[in-house]
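Asks: The structure under discussion is supplied below as structure tokens; questions concerning it will follow.
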Amino acid sequence: MLVASLYVYAFLGEFLLIYPVYTLLFIDTGLSVAETSSLFVIWSVTGMVLEIPSGAWADRLSRRVTLSLGPLLAGLGFTLWLVFPSYWAFALGFVLWGAEGALVSGAFEALSYEELDRRGQAHRYTAVMGRATAVGTVAAAAAIGLATPVLAAGGYPAVGVASVLACVLCAATALTLPEHRTRGGDGAEEGYLAILKAGLTEVRTDRRVLHAVLLVAFVTAIWGALEEYVPYLAIEEGVAKAVIPMLILLTWVGATAGGLLAGRARHMPPRAYALTIALAALAMAAGAVSGHPAGFVLIALAFGAFQLAGVVADARMQERITGTARATVTSVAGLGMNVVTLAVYAAYGATSSYVSHGLTFALMVVPYAFIALLTARSTALAPARR
């Protein structure tokens, strides 16, 4: 029941038909590019500000309730967009959507790991999270595929209602997740500030946890940010616009495969892990600068390897967390991902003004070379023996 509910939750959380068309809604409402950009900033900043506080809240109260509340907030935001289409309604909707992301981040991983551990199945966490990630990727792809015909048939109300329904079902699914946290024995009676302090202290004082948190942030965020620029790379290489969605789908297939294979990489030693990251970076750079559509095969392989590496890094982090503030610690990693993502966006925007998108891609993956070197020498990231 636990694993099945996790997969359903992961699917519904990404099955948002409004996601691929909300920019069109903003344009049709009359928003300028500057106003739309400001909305994205509001979205990002909200998630960053609430990331760690929401993790501590999940540790203090209930991760299951937190996971249920998040999608309801996002659904409320989408409802506001439909009923009151205006800049301020869009801004409030992004605040609610950003809050949803912060509430889910940390709580989902913490509940999953501890419930599997309670069953004596902590060794399954990598595989389960890898599959959940793959399910979410498939759901997002399905939403993109369905958004156009649904929009054509029923307009923005149709895609909006479908998205709100997905949020409500996601919230309901969260309530089916088991949560066995005995009061007084796992920090449930600690105050909010005590939980928050405990989580931050564990990250700051335990080098193995700190290294794992940083690894999750950097490995996951860099390629995740570059994914947004794949269409620009395709256009630069002369790919017809009608073919670009197929190339994007190819990269998503690679990421999905990486998630599905993550379970087999659970016991990957540090040197093998470092080699995986290094080869993925090399493949990404080679595919980007190739100047040929066939290079997207290499990019897809790189996305798959990075996806696998990110899931394994998260599993290593969960294994090393020993305190009661698991969701808080995981949220610290989530905050790190947001910071790195914004840094990549800024660096990409600055660099691509002077060099090609292909070369920009290659430059953006250079940090993976340093990550590989550091990881190969780190015993702190070796698989934990339970």
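The values are calculated or read from the model by the stated rules, or taken from the named source; none is laboratory data. Predicted model, so just to flag it, every value in this text is computed and none were measured. Reconstructed Cβ throughout: ideal geometry from the backbone, glycine too, with neighbour counts over all protein chains shown. Quick note on the areas: whole protein, heavy atoms, side chains included, nothing else; ligands and nucleic acids left out. Shrake-Rupley method; radii C 1.70, N 1.55, O 1.52, S 1.80 Å.
Asks: Whenever you get a sec, compute what percent of the accessible area on the stretch 41-93 sits on carbon and sulfur atoms (1.4 Å probe).
Replies: 81
Asks: Let me ask another. Can you list the DSSP H helices in the chain whose Cα atoms extend at least 27 Å along the helix axis and whose mean Kyte-Doolittle hydropathy is -0.5 or higher?
Replies: 33-60, 63-83, 87-118, 125-174, 207-226, 270-289, 295-320, 326-351
Asks: While we're on this one: Give the shape of the stretch 294-348 as rounded, prolate or oblate, defined through the alpha-carbon gyration tensor: a ≥ b ≥ c are the square roots of its eigenvalues, a/c under 1.5 means rounded, and otherwise the shape is prolate if a/b is larger than b/c and oblate if not.
Replies: Note, shape of the stretch 294-348 comes out oblate.
Asks: Among Phe26, Gly55, Ser163, whose Cα lies farthest out toward the positive end of the dipole of the chain, if unit charges sit on the beta carbon of Lys, Arg (+1) and Asp, Glu (-1)?
Replies: Ranked along the dipole, the leading option is Gly55.
Asks: Give the accessible area for Leu279 in Å² (nearest 10); use a 1.4 Å probe, count only protein heavy atoms, and leave out ligands, DNA and RNA.
Replies: The value for Leu279 is about 100 Å².
Asks: Follow-up question, since we're still on this one. Using only the alpha carbons of the stretch 190-297, determine the length spanned along each of the three principal axes and report them from longest to shortest in whole angstroms.
Replies: 58, 32, 23
Asks: Just the number, please: carbon plus sulfur as a percent of the accessible area of the stretch 263-386, 1.4 Å probe, no ligands or DNA/RNA counted.
Replies: 69
Asks: Could you give the radius of gyration (one decimal) and Dmax (whole number) of the Cα atoms in the chain, in Å?
Replies: Radius of gyration, then largest Cα-Cα span, for the chain: 20.4, 62 Å.
Asks: Which value, in debye to the nearest 20, gives the size of the charge dipole of the stretch 278-386 about its Cα centre, when Lys and Arg are +1 and Asp and Glu are -1 at the Cβ?
Replies: Value, rounded to 20: 400 debye.
Asks: Continuing with this model, one more query. Can you send over the carbon and sulfur percentage of the accessible area for the stretch 105-174, probe radius 1.4 Å, protein chains only?
Replies: 67
Asks: Taking just the alpha-carbon atoms of the stretch 97-165, what radius of gyration and Dmax come out, in angstrom?
Replies: 16.5, 49
Asks: Also: How would Thr205, Thr23 line up by accessible area, probe 1.4 Å, largest first?
Replies: Greatest to least solvent exposure: Thr205, Thr23.
Asks: I'd like to know which of Thr341, Leu69, Phe218 lies farthest towards the positive end of the charge dipole of the chain, counting +1 on Cβ of Lys and Arg and -1 on Cβ of Asp and Glu.
Replies: It is Phe218.
Asks: Grab the Cα-Cα distance for Tyr354 and Arg264, subtract it from 0.36 nm times how many residues apart they are, and report the gain in nm with one decimal.
Replies: 28.3 nm
Asks: Determine the dipole magnitude for the chain: charges of +1 sit on the beta-carbon of Lys and Arg, -1 on that of Asp and Glu, nothing else is charged, the reference point is the Cα centre, and the result goes in debye to the nearest 20.
Replies: 1220
Asks: Per residue, how much accessible surface does the chain expose to a 1.4 Å probe? Answer in Å², no decimals.
Replies: The answer is 43 Å² per residue.
Asks: What is the Rg over Rh value, at two decimals, for the stretch 1-155, using alpha-carbon atoms and the Kirkwood definition of Rh?
Replies: 1.02
Asks: Which value, in Å² and to the nearest 10, is the accessible area of Phe370 when all protein chains are kept and the probe is 1.4 Å?
Replies: Surface open to solvent at Phe370 totals about 130 Å².
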